[in-house]
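The values are calculated or read from the model by the stated rules, or taken from the named source; none is laboratory data. This structure is a prediction, so every number in the text was calculated from the model and none was measured. Note that we place each Cβ from the backbone using ideal geometry, even for glycine, and neighbour counts take in every protein chain shown. Protein only, heavy atoms only, side chains kept; ligands, DNA and RNA dropped before computing areas. Shrake-Rupley method; radii C 1.70, N 1.55, O 1.52, S 1.80 Å.
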Amino acid sequence: MSKTEIRYFSGYIRNYKALCAQLGIEQGLSRAERESEILTKAYAEWGMEMMSHIYGAFAFAIWDEEKQKLFCVRDQVGQKQMFYAVCGNEFVCSGDIDEIASNANFEKKLNMPMLQQYLFYGYPIGEQTFYQNLYKLMPGHYAVWDGKSVEVVRYFMPDFKPDYSKSEDEWAAEIEKVVDEILSEEREDTEVPYKESFLSGGVDSSYLFAASDAVQANTVGYGEQGFDESGLARHTAELLGKKFGVKIITPEEYFERIPTVIDKMGQPLGDASAVAFSIGCKAVKEHADVVYSGEGIDEFFGGYNAHKRELPSDWTYLTCSHIMSEDYVKSIMLDYDGSVRAVQPVEALWKHVQGQEPLNQKLTIDISLWLEGDIYLNTDRTSTACGIELHTPFSDLRLFNVASKIPPEYKFAHDQNKYVFRKAASSKLPDEVAFRKKVGFAVPVRKWLSDERFNKPISDKLFCETSAKFFNQDEIKKLWTSYLNGEEQLWGRVYAIYAFLLWYDLKF
């Protein structure tokens, strides 16, 4: 057996008991020792096929002494972050982008094409980052460093291949079976016997809470009507007979928290819910270290309105989130590059999915780019920064493997999105919860930004010296004035620009 060494590991291995039995690993080891042994022995047994045997969330680097190669790996759907760069003659990888950017041998320069893409999408999409020569390892990929060069290999593609041999009811039963298997493994981890769960008003987190061993549900709420889901979440917890906690977020607390969130995120993110999630994590950390969250289902089963819309035949699906048109980005950027096109991060994947059902084309794109580039960036970085280990059981590869076979007709059915998943959820939830209309995780920042009691830091940043380096100030003024005059839908543009400027001044 070649000598190997685990150089980096972030995450958790959910099916550790089965792997310990299979690989001859003593069950009584501490969790850290156990995970190191699993990775080492799995590599010796299966090589880079090892990832198909490991269920959980992971990013790791393993050194093979015999081959004189370092393998840097990220899980199939990207629950854990992983970045890499060559600093001098050294290959550096980490889930914390700031750790690499601050390396003494790394020359920190802004990657302008990423700024252009970010303004269009609202999140850092694809393998490029905001730093030149510092790359994101994409989900389902591993990088190999041989001391001279980096080779990146894709080992997993989230393809959908519908199987029409089973009925709607049979697929719902299959979902139930896999969910129970995943959560039974979560229960078996005696090193973390106490867990809580995040709970919104939606079916995903409700099913997870009902099926899991979480003792208490937690959510955030607001004083503003139309944004507060805490009442729905409380009602669900009461129906299940479980404890419930809510953190009411004030605008003062929200705006005070933004700089911390942008700093810990490592890259700009135009998703305002990240700040609310961070405040929620901070509150939950007072009584729990391991918390469940329900990410993954919308992308596996088709949960967004964008998944229903028909695209013109000559269009490319540019993920479920984009906040500015290319023409608008051109109008506000001083250094716009016409060769950088919004479609570029999606093109290769779009070609790959041609011939598949329209829904499945979109889901492959969203799992590959949006889910990891926005959702997991948000949840992984904010929870980690607060000292919480976030478990996302519904992102487990086994559940994707079921979802990937379910015909689209069972996902959008009976005027419901992700219908077959809701049907499975109804085995643990009352119908009023399982089939409740989707409620987005909305944040009142769209209203708060226009309130002069809170928005001076935003206004100051939009018109600061840094802003004048990147943006046409007349256009920024026009945007800000239009938003303040009642064009509330412009809030996303305002927030994304502000998030970038804040990040830049924190990092450069």
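Go through segment 82-110 residue by residue and tally those that are closer than 19 Å to Ser149 by Cα and either touching a residue at least 40 places away in the same chain (Cβ under 8 Å) or open to solvent by 40 Å² or more (accessible area, probe 1.4 Å) (or both).
Number satisfying all stated conditions: 13.
What do you reckon, is Glu253 surrounded by fewer than 18 Cβ atoms within 10 Å (Cβ to Cβ), within 18 Å of Cys386 (Cα to Cα) and either among the hydroxyl-bearing types (Ser, Thr, Tyr) or at pLDDT 95 or above (or both)?
yes
Residue by residue through segment 499-508, note down the ones that are without any contact (Cβ under 8 Å) to a residue 60 or more places away in the chain and open to solvent by less than 50 Å² (accessible area, probe 1.4 Å).
Leu501
Looking at (1) open to solvent by 10 Å² or more (accessible area, probe 1.4 Å); (2) in a strand (DSSP E or B); (3) closer than 30 Å to Ile62 by Cβ, find the lone condition where Val220 falls short.
Of (1) open to solvent by 10 Å² or more (accessible area, probe 1.4 Å); (2) in a strand (DSSP E or B); (3) closer than 30 Å to Ile62 by Cβ, only one is false for Val220: (3).
Would segment 374-384 turn up any residue that is more than 19 Å from Lys136 (Cα to Cα) and touching a residue at least 12 places away in the same chain (Cβ under 8 Å)?
Yes: segment 374-384 contains one or more residues that are more than 19 Å from Lys136 (Cα to Cα) and touching a residue at least 12 places away in the same chain (Cβ under 8 Å).
When residues of segment 57-78 are filtered for being under 26 Å from Val178 (Cβ atoms) and open to solvent by 10 Å² or more (accessible area, probe 1.4 Å), how many remain?
Number satisfying all stated conditions: 1.
If you take the residues in segment 223-241 that are farther than 16 Å from Val443 by Cβ and in contact with a strand residue (DSSP E or B) (Cβ under 6 Å, 6 or more places away or on another chain), which one is most open to solvent (accessible area, probe 1.4 Å)?
By that ranking, first place goes to Arg234.
For segment 285-305, check the following and say yes or no: at least one residue is assigned to a loop (DSSP other than H, G, I, E, B), open to solvent by less than 20 Å² (accessible area, probe 1.4 Å) and of a type in the set (Val, Ile, Thr).
There is no residue in segment 285-305 that is assigned to a loop (DSSP other than H, G, I, E, B), open to solvent by less than 20 Å² (accessible area, probe 1.4 Å) and of a type in the set (Val, Ile, Thr).
Only residues in segment 259-280 that are in contact (Cβ under 8 Å) with a residue 60 or more places away in the chain count as the first member; pair them with residues that are open to solvent by 20 Å² or more (accessible area, probe 1.4 Å) and not in a helix (DSSP H, G or I), Cβ under 6 angstrom, at least 6 apart or cross-chain, and list the lot.
Correct list of pairs: Ser273/Phe441; Gly280/Lys247.
Out of all the residues in segment 266-284, which are aliphatic (A, V, I, L, M), within 18 Å of the chain's Cα centre (by Cα) and not in a loop (DSSP other than H, G, I, E, B)?
Within segment 266-284, Ala274, Val275, Ala276, Ile279 qualify.
Residues in segment 463-488 that are touching a helix residue (DSSP H, G or I) at 6+ places or on another chain (Cβ under 8 Å), among the acidic types (Asp, Glu) and open to solvent by 50 Å² or more (accessible area, probe 1.4 Å): how many?
So the answer is 1.
Mind checking which residues of segment 349-386 are surrounded by fewer than 23 Cβ atoms within 10 Å (Cβ to Cβ), more than 23 Å from Glu99 (Cα to Cα) and either within 15 Å of the chain's Cα centre (by Cα) or acidic (Asp, Glu) (or both)?
Passing the criteria: Glu357, Thr364.
Inside segment 404-452, can you point out the residues that are open to solvent by less than 10 Å² (accessible area, probe 1.4 Å) and of a type in the set (D, E, K, R)?
Correct list: Lys411, Lys418, Arg422.
What pairs can you find where one residue is in segment 9-29 and within 16 Å of Gln76 (Cβ to Cβ) and of a type in the set (A, V, I, L, M, F, W, C), the other is part of a loop (DSSP other than H, G, I, E, B) and modelled with pLDDT of 95 or more, and their Cβ atoms are less than 6 Å apart, with a gap of 6+ or different chains?
As it stands, the answer is Ile13/Ile54, since those pairs meet every condition given.
Taking the criterion of being under 26 Å from Asp298 (Cβ atoms) and either of a type outside the set (A, V, I, L, M, F, W, C) or open to solvent by less than 50 Å² (accessible area, probe 1.4 Å) (or both), would at least one residue in segment 453-462 satisfy it?
Looking for residues that are under 26 Å from Asp298 (Cβ atoms) and either of a type outside the set (A, V, I, L, M, F, W, C) or open to solvent by less than 50 Å² (accessible area, probe 1.4 Å) (or both), one finds none in segment 453-462, hence no.
Against the definition (within 17 Å of the chain's Cα centre (by Cα) and either in a loop (DSSP other than H, G, I, E, B) or not hydroxyl-bearing (Ser, Thr, Tyr) (or both)), how does Val346 come out, yes or no?
Here the answer is no, as Val346 does not meet what is asked.
Restricting to segment 17-51, name every residue that is open to solvent by 60 Å² or more (accessible area, probe 1.4 Å) and within 25 Å of the chain's Cα centre (by Cα).
Ala32, Glu49
Residues Tyr194, Tyr131, Tyr142, Tyr164: which one is open to solvent by 40 Å² or more (accessible area, probe 1.4 Å) and either within 30 Å of Ser278 (Cα to Cα) or touching a His at 6+ places or on another chain (Cβ under 7 Å) (or both)?
Tyr194
How about segment 391-508: which helices (runs of 4 or more DSSP H) wholly inside it have at least 2 residues that are closer than 30 Å to Ala172 by Cβ and not charged (D, E, K, R)?
Once the helices (runs of 4 or more DSSP H) in segment 391-508 are filtered for at least 2 residues that are closer than 30 Å to Ala172 by Cβ and not charged (D, E, K, R), what remains is 397-403, 408-411, 419-425, 431-434.
So, in segment 146-199, of the ones that are of a type in the set (Ser, Thr, Tyr) and more than 26 Å from the chain's Cα centre (by Cα), which residue ends up modelled with the lowest pLDDT?
Among those that are of a type in the set (Ser, Thr, Tyr) and more than 26 Å from the chain's Cα centre (by Cα), it is Thr190.
If you go through segment 108-125, how many residues are out of contact with any strand residue (DSSP E or B) (no Cβ under 9 Å at 6 or more places or on another chain) and part of a loop (DSSP other than H, G, I, E, B)?
Qualifying residue count for the region: 3.
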